[in-house]
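Notes to accompany the following structure.
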Amino acid sequence: MSCLEIRAEAPELRRASAWLQEHGERLAVPPDQIDRLEVCLNEVLANLLEHGGPPVGSQPIRLQLDAITRAAGAGVRLVISDGGLPFDPVVASDKPLPASLSEASPGGLGLRLVRAYTDGMAYRVLDDRNELSIEMHWTTRS
Amino acid sequence: MSSTSIEHEDLAEDLRCIRLAGRLDMVGVGEIEMRFTSLAASKAMKVLVDLTGVSFLASVGLRCIIHSAKALDQKGGKMVLLLGDNTVVRGTLDTVGVSEIIPVCHDAAAAMAALAG
């Protein structure tokens with residue numbers, strides 16, 4: 001298990017990305033899966049910075065990366081814990097894809113990426129903190 | 001971790017190439033957004049945005065590109081994205097449907113043809 005604490009500041013997103021790349025490699029996560037997980041981490045953290053409100057800056061954001069045992073399917077679990085305003089991305093709905101450039105809206109792209117790139121997502125509030133768990137698998141479950 | 005850069009070249013009076021490279025995350029977009037918007041959407045022209053050197057593309061980068069593409073379109077211009085064999089960026093563009101609304105090309109010749117069309 002690998003852990004990192006970051007502040008709710010934009011430059012910290014790059015520290016989080018570097019940590020994920022380093023520890024994902026140690027956990028033998030395939031490179032393309034690390035890249036996708038990095039997109040997910042970046043989107044979740046960027047969303048926190050934009051929409052987490054004043055509370056998100058008062059506590060560190062905690063990141064935890066775990067390997068998932070082969071019995072449950074080879075994969076990895078990333079847990080992001082923060083003290084920002086509650087937001088459950090699991091129940092938030094995606095906007096429809098735009099049919100033309102004039103219809104394109106800038107919102108909702110990050111959540112769509114996270115949904116597309118992850119194999120499982122769970123959200124809960126624990127001790128007044130949001131906890132989002134996202135999973136990726138690269139073999140089928142046995 | 002790579003930094004973010006922006007360069008441009010005017011290939012003709014109405015044809016501009018903008019090359020983005022590095023990470024288009026919150027930090028990187030913050031560094032280039034104003035310049036990119038100014039170069040890409042200030043007047044009606046054909047704009048080739050070269051993303052072959054982009055190593056990471058987050059939604060904040062997509063928003064920046066879409067915003068300028070829309071503004072350019074409203075002025076009567078056109079934007080085409082050049083990817084080369086950048087599969088990471090291609091995957092992101094496809095996932096959010098951007099490749100359906102802004103032409104995406106693998107090589108410069110195809111991009112020029114798309115701009116001419």
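Go ahead and estimate [θ] at 222 nm for chain A from helices alone: -39,500 (n - 2.57) per DSSP H run with n ≥ 4, summed, over the residue count, rounded to 500.
For chain A, the value works out to -11000 deg cm²/dmol.
Please report the relative contact order for the stretch B:5-116, taking Cα pairs under 8 Å with a sequence separation of at least 6, and give it as a percent rounded to a whole number.
Values: 203 pairs, mean separation 27.7, N = 112.
This gives 25 percent for the stretch B:5-116.
With label points built 7 Å along Cα→Cβ from the Cα atoms of A:V91 and B:A12, find their separation and express it in nm.
So the label points at A:V91 and B:A12 sit 5.5 nm apart.
Carbon and sulfur: what percent of the stretch A:2-137's accessible surface (1.4 Å probe)?
Roughly 53 percent, rounded to a whole number.
To the nearest µm²/s, what D does Stokes-Einstein give for chain B at 4 °C and 1.567 mPa s, using the Kirkwood radius over alpha carbon pairs as Rh? Write down the numbers at each step before the final one.
Details: Rh = 13.8 Å.
The Stokes-Einstein estimate is 94 µm²/s.
Using the Karplus equation 6.51 cos²θ - 1.76 cosθ + 1.60 (θ = phi - 60°), what ³J(HN,Hα) coupling, rounded to whole Hz, does each residue of the stretch B:84-97 give in order, writing x for Gly and Pro?
x, 9, 7, 6, 5, 5, 4, x, 5, 4, 5, 4, 9, x
Would you mind getting the accessible area per residue of the stretch B:43-117, heavy atoms of the protein chains only, 1.4 Å probe, in Å²?
37 Å²
Determine the alpha carbon to alpha carbon distance for each of A:K95/B:K75; A:K95/B:K43; A:K95/B:K78; B:K46/B:K70 and list only those over 21 Å.
In this structure, A:K95/B:K75; A:K95/B:K43; A:K95/B:K78 exceed 21 Å between Cα atoms.
Can you pull the one-decimal nm distance between simple spin-label points at A:D32 and A:R15, each 7 Å off the Cα toward Cβ?
Each label point is offset 7 Å from its Cα along the Cβ direction, giving 3.3 nm.
Applying a 10 Å radius around every beta-carbon, put A:9-15, A:26-32 in order of their mean neighbour count, most first. Kindly include the intermediate steps, with their values, before the conclusion.
Details: A:9-15: 17.1, A:26-32: 13.7.
Going by the mean number of other Cβ atoms within 10 Å, highest first, we get A:9-15, A:26-32.
Send over the per residue convex hull volume for the stretch B:38-79, Cα only, as a whole number of Å³.
Cα convex hull per residue, to the nearest whole number: 59 Å³.
Looking at the protein assembly as shown, I'd like the Rg to Rh ratio, where Rg is from alpha-carbon atoms and Rh is Kirkwood's inverse mean 1/r.
Reported Rg/Rh, Kirkwood definition of Rh: 0.99.
Round to a whole number: what % of the accessible area of the stretch B:5-116 belongs to carbon and sulfur, probe 1.4 Å?
Carbon and sulfur: 51 percent of the exposed surface of the stretch B:5-116.
Pick from A:S93, A:S102, A:S58 the residue whose mean-square fluctuation is largest in a GNM of chain A, springs joining Cα atoms under 10 Å.
It is A:S102.
Would you tell me the mean number of C-beta atoms belonging to other protein chains that fall within 10 Å of each C-beta in A:96-106, as a whole number? Don't skip to the answer; put the middle values down first.
Numbers: counts 1, 6, 6, 3, 4, 12, 4, 2, 13, 3, 8.
Taking all residues of A:96-106 together, the mean is 6.
Taking the Cα atoms of the stretch A:25-142 alone, what are Rg (to one decimal) and Dmax (as a whole number) in Å?
So, for the stretch A:25-142, Rg and Dmax equal 15.3, 48 Å respectively.
The values are calculated or read from the model by the stated rules, or taken from the named source; none is laboratory data. The structure presented is a predicted model; accordingly, all values stated were derived computationally and were not measured. Here the Cβ is made from the backbone with ideal geometry for all residues, glycine too, and neighbour counts use every protein chain on show. For the accessible areas, the whole protein counts, side chains as well, though only heavy atoms, and no ligand, DNA or RNA atoms are used. Shrake-Rupley method; radii C 1.70, N 1.55, O 1.52, S 1.80 Å.
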